[in-house]
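Working notes, beginning with the structure itself.
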Amino acid sequence: MDTFRSRMNLVDAFAFVVQVNSNYLKLKAGYLFPEIARRVQEFSQRQVNADLIRLGIGDVTEPLPLACRNAMKQAIDEMGTEVGFHGYGPEQGYSWLREAIAKSDYQKRGCEVSADEIFVSDGSKCDSSNILDILGDSNHIAVTDPVYPVYVDSNVMSGRTGIAGESGRYAGLSYLPINAENNFEASLPEKPLDLIYLCFPNNPTGATASKKQLANWVSYANKNDALILFDAAYEAFIQDESLPHSIYEIDGAKDCAIEFRSFSKNAGFTGTRCAFTVIPKNLKGKTSNGNLVDLWSLWNRRQSTKFNGVSYIVQRGAEAVYSKEGQIEVKALVSFYMENAAIIRSCLTKAGFTVYGGQNAPYVWIKVPDGMSSWDFFDFLLQKAYVVGTPGSGFGSSGEGYFRLSAFNNRVNVEKAMRQIASIS
Ligand SMILES: *Cc1c(COP(=O)(O)O)cnc(C)c1O
């Protein structure tokens, strides 16, 4: 009787506990930014007078463009009237915003992208993770190393990987190293892959891809029936006019690529939230028995079911990015950050560092001095120059020996940080 009762208690205890998604337990518990915060806090407690300058975070610092603010204020006033009120909007985004995007971001650059191939969303971070919803789980997947961690973690969470090894790399994912030796250009994979994440201009390395490089990827993808997930969140920072802003500038890309874009970095929408994803109408995937299916239809179905659109107010703000005033303001914002990047590049070069990136991207990727690890260099800059950056190894094992500084800050802080680094080296 006792044994029976205790057995029942055990069953009871488990009966009321839900099962979790155990894939989440494979995640390396958000190591990078908490560890940075821990070291910064520890140092600040020892050195209370140290005035730290943060060049670590990938968030913008300058205010929202006036054109966007005015458009959003007007939209709020409309919402207060009976005729101007907007309830649920189209899940794909309002057609006036999709038209403005298609025209200004694509057709003007010679890309045949139409408004109905554009899905407006509240962020590229969520789109680039949610896209896995419509893709099978037996695909062979490749990311670069170093990499924007979202691509990797979303694959882990959805059960597409094994566990992480000692290097931090997950079993089941292919990693394509990018470093100074290969000019930050991943070589085409030897074994056939199905899904390839590419990000240009690159976070974290600041590297860009030429038309020829992208053409190689497009031809690889078309030959191997692979899909490229192209993250162009930083396209506005491209200064070199020969570089492509969109993968659709490459012939054949509409048959093998999805592109993610965001208003976060060009127009300062990180806290306002608006982005979009392009899924060409003719892009196909296959079912387990080999039938072809339109990815557009699947994504449309996914968004209609799980998403209710971006607020009318925010979409009016995003539309204003394409107005004459908006374009002038966004260009000025980008130029401001790129001047920061130029200051960082030239000061660090003068101080004897080897630097990459920062010419068509808001990130400068520094080679840390010989004999130091990325984390050693983090401590060195923190303790000696009071500058907080991001260790390259936090973005992947091939980022070891590198360090990221961001150009997202005000001029006073950037110049002060550079003076302090110059004084120690
Ligand atoms: C900042 C960033 C984005 C933009 O994400 P949102 O969710 O739109 O703010 C996308 N990709 C990369 C690599 C980024 O650094």
Pairs only if they're at least six apart or on different chains, beta carbon under 9 angstrom, first in region 323-343 and over 15 Å from Lys265 (Cβ atoms), second β-branched (Val, Ile, Thr); list them, first residue then second.
Gln327/Val321; Glu339/Val414; Ile343/Val414
Being within 11 Å of the ligand (Cβ to nearest atom) and in the same structural domain as Leu229 (by TED's automatic domain parsing) is the requirement here; does Ser124 meet it?
yes
Counting residues that are touching a Phe, Trp or Tyr at 6+ places or on another chain (Cβ under 8 Å) and assigned by TED's automatic domain parsing to the domain that holds Asn182, which strands (runs of 3 or more DSSP E) fully inside region 208-326 reach at least 1?
227-231, 257-262, 275-278
Every pair of residues 6+ apart whose Cβ atoms lie under 9 Å, when the first sits in region 229-254 and is among the basic types (Lys, Arg) while the second is in a loop (DSSP other than H, G, I, E, B)
Lys254/Cys111; Lys254/Glu112; Lys254/Val113; Lys254/Pro280; Lys254/Lys281; Lys254/Asn282; Lys254/Leu283
Pairs, first under 16 Å from Ala115 (Cβ atoms) in region 273-285, second away from the ligand (no atom under 16 Å from the Cβ) and part of a loop (DSSP other than H, G, I, E, B), C-beta under 7 Å, six or more apart:
Val278/Val113
Can you name the residue in region 64-75 that is surrounded by fewer than 17 Cβ atoms within 10 Å (Cβ to Cβ) and over 17 Å from Gln327 (Cβ atoms) and is also nearest to the chain's Cα centre (by Cα) among such residues?
Lys73
Report, by residue number, each residue of region 347-370 that is over 17 Å from Asn179 (Cα atoms) and surrounded by fewer than 18 Cβ atoms within 10 Å (Cβ to Cβ).
Thr349, Lys350, Ala351, Gly352
Going through region 64-91 one residue at a time, which ones are part of a loop (DSSP other than H, G, I, E, B) and within 28 Å of Ile328 (Cα to Cα)?
Leu64, Pro65
Can you find a residue in region 51-63 that is in a loop (DSSP other than H, G, I, E, B), of a type in the set (S, T, N, Q) and within 16 Å of the ligand (Cβ to nearest atom)?
yes
When both residues are 6+ apart or on different chains and their Cβ atoms are under 8 Å apart, which pairs have a first residue that lies in region 128-148 and is in contact (Cβ under 8 Å) with a residue 60 or more places away in the chain and within 11 Å of the ligand (Cβ to nearest atom), and a second that is among the acidic types (Asp, Glu) and not in a helix (DSSP H, G or I)?
Ser128/Asp231; Tyr148/Asp231
Taking the condition of being of a type in the set (S, T, N, Q), over 30 Å from Asn409 (Cα atoms) and in contact with a helix residue (DSSP H, G or I) (Cβ under 8 Å, 6 or more places away or on another chain), how many residues in region 52-107 meet it?
2
Subset of region 255-285 [under 17 Å from Asn224 (Cβ atoms), surrounded by fewer than 23 Cβ atoms within 10 Å (Cβ to Cβ) and not aliphatic (A, V, I, L, M)]:
Asp255, Lys284, Gly285
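The values are calculated or read from the model by the stated rules, or taken from the named source; none is laboratory data. Note that the structure is a prediction, hence the values are computed from the model and not measured. We place every Cβ from the backbone using ideal geometry, glycine too, and count neighbours over all the protein chains shown.
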